[in-house]
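Below is one structure, written out as C-alpha cells; the observations come after it.
Taken together, the values in this text are just the output of simple stated rules run on the coordinates, not laboratory data. These numbers were taken from a predicted model, which means no experiment stands behind them. Cβ atoms come from the backbone with ideal geometry, glycine included; neighbour counts cover every protein chain shown.
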Number of protein chains: 2
Amino acid sequence: MISDKIYRHKQNILYGVSLALLLFLLKWLELRFIIIDHIFEIYAGAIALIFTALGIWLALKLTKPKITTVVVEKEVFLHTSDFHFNKEEQERLGLSNRELEVLQLIALGLSNQEIAERLFVSVNTIKTHSSRLFEKMEVKSRTQAAEKAKRMRLIP
Amino acid sequence: MISDKIYRHKQNILYGVSLALLLFLLKWLELRFIIIDHIFEIYAGAIALIFTALGIWLALKLTKPKITTVVVEKEVFLHTSDFHFNKEEQERLGLSNRELEVLQLIALGLSNQEIAERLFVSVNTIKTHSSRLFEKMEVKSRTQAAEKAKRMRLIP
DNA sequence: GTAAATATCACCCGAAAGTATGATCTGAAT
DNA sequence: ATTCAGATCATACTTTCGGGTGATATTTAC
C-alpha cells in the first residue's frame, strides 16, 4: 500500500518538507529585503509611471486636437452635350418668350414665311418680332442672331 | 582714533561675533535637517513634475494629427477643345477649300459684302461661291448652311 | 382702373440674299 | 494639247430680309 511507504519514510519526508520550507522562507526573506533595500527606487519608478500617464492624459484632454487639412482637387469634366438653357441671359437681354421662340426657329434656318406658318401668324408679325429681337441682341442679321444665341446658350 | 576704540572693546566684539556665528550655525543646521527630513517628498515631487512634463511632451509629439480631407471639385470644360474638323464630311459633300472658307465666314454672321472685303474679291464672287455651297449642302439659305455646318462639325 | 409690356397685323422701301447664266483665267491631270 | 475643276467676275432678275411707322388687342402689374 502507498500509506505503508509514507509511514516508513515519515522522518525522511518530514525532513525534506522542513528543508523546502526553510529554503522558501529564506528566498522570501531575500526578496523582501531586496524590495526593502530598493523601496525608494521602486516608489520613484511608480511615481514616474503614474505622472507620465497623467501628463499624457492632461495633454490629450486639455490641448486642442491637431487638424491637418488636406485639399484634394478633383477634376469634373463637363460635356457640352447636356444643354442647360440660360434663363439669366434671356432676362438680361429682356427677351420675351415669343421672341425667344422666334429666335429658336431662326436659328434652325427657317425663313420668316416658314416661321409665320409654323406659329400661325402673319409674316409681318414675325418681322416685327425679329426686328425687336435684333435690336435687343444688338445684331444686324438673323445669321448673327443665331450665332450669338448659340454662344450664349439660349439655344442648343 | 578708531583703532583705539576697537582695542578697548575687543572682548565685547569677539563675544558678539561668536554669538552671531553660533546662531547662524544653528539656523543652518535646522534648515539642513528640514531638508533631510523631507528629502524623500522633495525628490518624489521633483520626479512627479519632471515625468508629468515628459508625459505632456510625449503626448504632443507622438499623437497623430487628425486629417481632414477637403475635396474641391474643379470644373473642366471640354467644349472648346473637343472640336475636330470633319474633313471626311467636306470631301463627301465635295466642298472646295474656298467654299469652306466662305461657309465659315457665313457662319460667323458676316454679310456677303463683308466676306468679299475680307477675302479681297467682289460680292458677285461670294454670291457664286455661296450658291454652289447651298447647292452642295442641299440647303436654301445661309442660316441653314451655318446650322448644318455646325451639326456636321465643319465649323466649331 | 390705368399704365406698361407684349403680341398681333399692315404697308412701304431699300438693302441684302439668292438664282440663273455666261465669261475668263489658272493650274493640274491625262 | 486638251480637258477639267476651281476661282474669279459680271449682269439681270426674284425673293427675302430688315428698318421705319403706326395701329389694335391682350395681358400683366401697380
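Sorted from nearest, the other copies put their A:Phe120 label points 5.6 nm away, the label point being 7 Å from Cα in the direction of Cβ. Within the set A:Lys148/B:Lys127; A:Lys127/B:Lys150; A:Lys136/B:Lys127; A:Lys87/A:Lys150, which residue pairs have Cα atoms separated by over 22 Å? A:Lys148/B:Lys127; A:Lys127/B:Lys150; A:Lys136/B:Lys127, as the Cα separations exceed 22 Å there.
The same position A:Asn97 in the other copies lies at 5.1 nm from this copy, comparing label points 7 Å beyond Cα toward the beta-carbon, shortest first. Between copies, B:Leu31 shows label-point distances of 4.6 nm, shortest first, with the point placed 7 angstrom from Cα along Cα to C-beta. Here the 3J(HN,Hα) profile of the stretch B:87-99, calculated from phi with Karplus coefficients 6.51, -1.76 and 1.60 at θ = phi - 60°, is 4, 4, 5, 4, 5, 4, 7, x, 7, 6, 4, 5, 5 Hz, Gly and Pro shown as x.
The base-10 log of I(q)/I(0) for the stretch A:80-151, evaluated at q = 0.11, 0.20, 0.25 Å⁻¹, reads -0.25, -0.81, -1.20 [Debye formula, identical scatterers on Cα atoms, solvent excluded].
Model label points for B:Arg132 and A:Glu89, set 7 angstrom from Cα along the Cα-to-Cβ axis, are 3.5 nm apart.
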